[in-house]
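Peer 1: For reference, the structure I am asking about is given below.
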Amino acid sequence: MKNYLRPLLLVLIALTLGTSSAWGQSGRIREPSLTISLSFRPESVTGGKDVTGTVTISRDAGAGGLLVLLSTSDTKVARPRVGSVTIRAGKRDATFTVLTSKVTAPKSVFLGAEVRNVTSTKTSLRVDR
């Protein structure tokens, strides 16, 4: 092998063996799959009180962090205070506040999170009278 090709071969081997990623059909390296989950503390709340939400991902956020978009099925009953949160680089979770409104009867609201078109399972929050 020519001496000038050896460093290139070593870099290629390091890229292939040194990551958990796989080569895509286009020749680019794909990221491992990402899963997202949401939790609330408390899981049930009296309307008009705030709830702390936590979004958690299955691996550390990369350099620059990871933007997570937040959503709700009923903005009149429960909604995130902000439309998105950023999970900081090297971290796996971020917290946010969910605002609730007073209700005349108990109601379940579904909140969700999305990262680059990967949507979490919608998570239910119960709002009581």
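Bear in mind that the values in this text are calculations on the coordinates, not laboratory data. What you see is a predicted model; the values in this text were computed from it and never measured. Methodologically, a virtual Cβ is constructed for each residue, glycine included, from the backbone with ideal geometry; neighbour enumeration extends over all protein chains shown.
Peer 1: Filter region 74-88 for residues that are of a type outside the set (A, V, I, L, M) and part of a loop (DSSP other than H, G, I, E, B); which is farthest from Ile57 (Cα to Cα)?
Peer 2: Top of the filtered list is Lys76.
Peer 1: Here's a check for you: in region 106-120, which residue that is charged (D, E, K, R) and surrounded by fewer than 18 Cβ atoms within 10 Å (Cβ to Cβ) is nearest to Ile57 (Cα to Cα)?
Peer 2: Glu114
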